[in-house]
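Novice: First the structure, then my questions, so here it is.
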Amino acid sequence: MNGIVILGTLPGSAAERLGLRNGDVLLAVNGEAMSSVEDFLRARAQVKERMQVLVRRGDHVLDLTIDLTEKAPPEGLERVAADMLRPATPKPSSVLN
């Protein structure tokens, strides 16, 4: 199984509350194998209340249920968007003599 590497979760989201974290690998949603973000978006569009997910964390596979009825607060989305749009801080260059 390939899966989709989770790069993070939205603050306050069901995924964050469930404990999903950076580096976890989403293997399946409701029994359907995940190999691309498009696979996840298709599976997510079919679900209204709960998703059964298989997640690999290191050597362990977790079988979890995500409650989708509780939405992430809008300020969480705004904070993520602001972080993404913030210009990168240049690293100081070192001077060699």
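The values are calculated or read from the model by the stated rules, or taken from the named source; none is laboratory data. Bear in mind the structure is a predicted one, so any value in this text is a computation, not a measurement. Cβ sites come from the backbone with ideal geometry, for glycine too, and all protein chains shown count toward neighbours.
Novice: If you take the residues of region 41-61 that are aliphatic (A, V, I, L, M) and touching a residue at least 24 places away in the same chain (Cβ under 8 Å), which of them is farthest from residue 26 (Cα to Cα)?
Specialist: 61
Novice: Would you check if residue 16 is within 18 Å of residue 2 (Cβ to Cβ), of a type in the set (D, E, K, R) and not in a strand (DSSP E or B)?
Specialist: For residue 16, the condition - within 18 Å of residue 2 (Cβ to Cβ), of a type in the set (D, E, K, R) and not in a strand (DSSP E or B) - is not met.
Novice: What residue, among those in region 1-20 that are at pLDDT 85 or above and in contact with a Gly (Cβ under 8 Å, 6 or more places away or on another chain), is surrounded by the most Cβ atoms within 10 Å (Cβ to Cβ)?
Specialist: 6
Novice: Further, regarding this structure: Quick test for you: out of 21, 44, pick the one residue that is outside any loop (DSSP other than H, G, I, E, B) and of a type in the set (D, E, K, R).
Specialist: 44
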